[in-house]
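Here the structure comes first, spelled out in C-alpha cells, and everything after it is commentary.
None of the figures in this text is laboratory data; all of them are computed from the coordinates on show. Source: prediction; values computed, not measured.
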Amino acid sequence: MRLRTLSDVFAYAASQDVELRIDRIEVRVRRPRANKSGRRAFASGKMKQNTKKTTVISDGKGRTLWTGAIRPGRMHDQTALKTEGIGHLFKQYPQVRAKVDAGYRGLAKQSPDQVQAPPLKPEKDAPPWRRGCPN
C-alpha cells in the first residue's frame, strides 16, 4: 500500500487502528558558505552542529509510513509539526493515537486523548520519591 500524503497516513491509521510514532530525524550537513543568506538557520542547538531535520511518522512495528519535508536544523520540532499540519489532522481523525518524544509536548497538551508524550523530568530539588530514588 502506498501512502502518498499525510492525510493518507491518518486515514490508514484510523481505518486499521494503527498507533503512530512521530519523531524528527536530524542529519549533520556541511556548513553553508560564508555570506550566504540563512546560514545560521542550519545551526542546531541540540547537536551544536549544522544539521537538517525531517519529520517521520512510523507505525508500531517501526515501518516508515511518511517522511516530511527537509527543514533547517534550527527549526524546533513543534514548529515543524505546525508547518506540516499534523495538529489539524488529529482534529480531523479523533480515533488516531500517537506516541511522541519530549519535543512534541505541545501536541500532547493540545490532544491529550490522542497523543502520549513522556512525563516531565523531576526538578533537582524535588523530594527523593519524585526523582525515583528508593529512599
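Among the listed pairs 53/82; 61/109; 82/109, give every one whose C-alpha distance is greater than 20 Å. Numbers along the way, then the final one.
Values: 53/82 14 Å; 61/109 25 Å; 82/109 14 Å.
Over 20 Å Cα-Cα: 61/109.
Just to check I understand the Karplus step: with θ = phi - 60° and J = 6.51 cos²θ - 1.76 cosθ + 1.60, what whole-Hz values come out for the stretch 5-16, glycine and proline as x?
For the stretch 5-16, the Karplus curve yields 10, 5, 5, 4, 5, 5, 5, 5, 5, 5, 6, 9 Hz.
Pairs of Cα atoms under 8 Å, at least six residues apart: use those to get the relative contact order of the stretch 6-131, whole percent.
24
List, largest first, the extents of the alpha carbons of the stretch 6-131 along their principal axes, each in whole Å.
Principal axes ranked by extent give 49, 46, 24 Å for the Cα atoms.
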